[in-house]
Amino acid sequence: PQATPQEQSPPCQVGSGVKAPRITFRTLPKLTPEEQKTDKVKSTLVAVISLTVSPEGKPQEIKVTKSLGHALDKKAIDAVNTWKFDPATKDCKPIAVRITAEVTFELH
């Protein structure tokens, strides 16, 4: 008989026996010269992103929680999609965990 796949449990929160994931690779989005000329770019731009880090260390279910506007939000999500993590663990086993991350835009 074939084993049935286990239902995926919702992501855990860091704490109470859950060790946080550790980022191992991160790219930052870049602003185009046109985007840098807008009034918005007087200081560092930071988008806040909520995501799930899978047991394989991959970002999933990426959502913007502090928006910078559609075009910049898309760049932030695209950058986070390239990130890699050492996954969170509970009882020494990799698990999915929901985290919040800040994405800082690089100025050229």
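The values are calculated or read from the model by the stated rules, or taken from the named source; none is laboratory data. Just so it is clear, the model here is predicted, and its values are computed rather than measured. Glycine gets a Cβ as well: all are built from the backbone with ideal geometry, and neighbour counts include every protein chain shown. Heavy atoms of the whole protein, side chains included, go into the accessibility calculation; ligands, DNA and RNA do not. Shrake-Rupley method; radii C 1.70, N 1.55, O 1.52, S 1.80 Å.
Worth a mention:
- Hey, V18 among the aliphatic types (A, V, I, L, M), out of contact with any strand residue (DSSP E or B) (no Cβ under 8 Å at 6 or more places or on another chain) and either at pLDDT below 85 or crowded, with 16+ Cβ neighbours inside 10 Å (or both) or not: no
- Subset of segment 74-97 (residues that are open to solvent by less than 20 Å² (accessible area, probe 1.4 Å) and either within 27 Å of E35 (Cα to Cα) or touching a helix residue (DSSP H, G or I) at 6+ places or on another chain (Cβ under 7 Å) (or both)): A76, A79, V80, W83
- Residues that are touching a residue at least 24 places away in the same chain (Cβ under 8 Å) and crowded, with 16+ Cβ neighbours inside 10 Å, drawn from segment 58-73: P59, L68, L72, D73
- Among the residues of segment 64-81, the one identified as more than 23 Å from T24 (Cα to Cα) and of a type in the set (K, R) is K66.
- Odd one out for T100, checked against (1) open to solvent by less than 60 Å² (accessible area, probe 1.4 Å); (2) modelled with pLDDT of 95 or more; (3) out of contact with any helix residue (DSSP H, G or I) (no Cβ under 9 Å at 6 or more places or on another chain): (1)
- The listed residue being of a type in the set (V, I, T) and at pLDDT below 95, out of T24, T32, T52: T32
- Filter result for T44 (part of a loop (DSSP other than H, G, I, E, B), of a type in the set (V, I, T) and surrounded by fewer than 11 Cβ atoms within 10 Å (Cβ to Cβ)): yes
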